[in-house]
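Student: Quick one: the structure is below, and I'll ask about it shortly.
The values are calculated or read from the model by the stated rules, or taken from the named source; none is laboratory data. None of these values were measured; they are calculated from a predicted model. With ideal geometry, Cβ positions are generated from the backbone for all residues, glycine too; neighbour counts draw on all protein chains shown.
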Amino acid sequence: MIVLDTSIFVDYLFEKNEKRKEIARKMLGQLEGKEVAVPKVFLIELISIGRRLGFKIKKEDVLEFYSELTFVGEEEIIEILFDVAETVHPRAIDAYFIATAKLTNSILITNDRIMAENAKKYGIEAYYLIEEFDKAIERISKL
């Protein structure tokens with residue numbers, strides 16, 4: 001299974017930098033037939049970032065993801081969240097993705113260098129897509 005950070009979707013949907021947008025597009029294209037998990041807070045984060053960037057994204061827009069992603073609730077990862085916070089003390093939102101990867105025994109793919117570093121410190125197989133695109137694609141092909 002794969003956990004995708006919100007940053008991948010943000011780059012795909014909202015990014016003005018064509019290189020980042022293309023990397024995200026290629027990654028999402030590799031996921032057909034693969035199970036992808038995200039914490040439920042992903043939906044809130046995507047709306048918040050989109051709005052902050054000036055897009056009129058709303059709840060109905062992000063709910064379309066429900067059919068394509070496996071959502072993990074906070075109640076399922078709360079103990080792992082505490083452990084992640086105590087062990088690597090990441091940004092709170094990052095802890096949700098790291099904990100989801102731990103619970104689901106997934107690899108984590110992100111366009112956030114700090115999240116990737118913290119996930120690796122916690123023992124999660126993580127890829128910073130901007131610099132590790134080929135490695136991430138190779139790994140996904142083996143799932």
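Student: If you go through the stretch 45-53 one residue at a time, do you hit one that is closer than 19 Å to ASN105 by Cβ, out of contact with any Gly (no Cβ under 6 Å at 6 or more places or on another chain), among the hydrophobic types (A, V, I, L, M, F, W, C) and touching a residue at least 40 places away in the same chain (Cβ under 8 Å)? Spell out how you get there, then give the answer.
Tutor: Going residue by residue through the stretch 45-53, those that are closer than 19 Å to ASN105 by Cβ are none.
No, that holds for no residue.
Student: Moving on. Would you mind finding the one in SER67, SER106 that is of a type outside the set (Asp, Glu) and at pLDDT 95 or above?
Tutor: Numbers: SER67 fails: at pLDDT 95 or above.
So the residue among SER67, SER106 that is of a type outside the set (Asp, Glu) and at pLDDT 95 or above is SER106.
Student: Where residues in the stretch 94-143 are of a type in the set (Lys, Arg) and within 27 Å of ASN17 (Cα to Cα), which of them is nearest to the chain's Cα centre (by Cα)? Spell out how you get there, then give the answer.
Tutor: Residues of the stretch 94-143 that are of a type in the set (Lys, Arg), as a first pass: 102, 113, 120-121, 135, 139, 142.
Subset that is within 27 Å of ASN17 (Cα to Cα): 113, 120, 135, 139.
Values: ARG113: 12, LYS120: 14, LYS135: 17, ARG139: 16 Å.
Here the residue is ARG113.
Student: Looking at VAL84, VAL38, VAL88, which one is at negative phi, surrounded by fewer than 20 Cβ atoms within 10 Å (Cβ to Cβ) and modelled with pLDDT of 95 or more?
Tutor: Details: VAL84 fails: surrounded by fewer than 20 Cβ atoms within 10 Å (Cβ to Cβ); VAL38 fails: surrounded by fewer than 20 Cβ atoms within 10 Å (Cβ to Cβ).
None of the others qualify; the one that does is VAL88.
Table: residues versus (1) within 18 Å of ASN118 (Cβ to Cβ); (2) touching a helix residue (DSSP H, G or I) at 6+ places or on another chain (Cβ under 7 Å).
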| site | (1), (2) |
| --- | --- |
| LEU46 | no, yes |
| ILE49 | no, yes |
| GLY54 | no, no |
| VAL62 | no, yes |
| LEU81 | yes, yes |
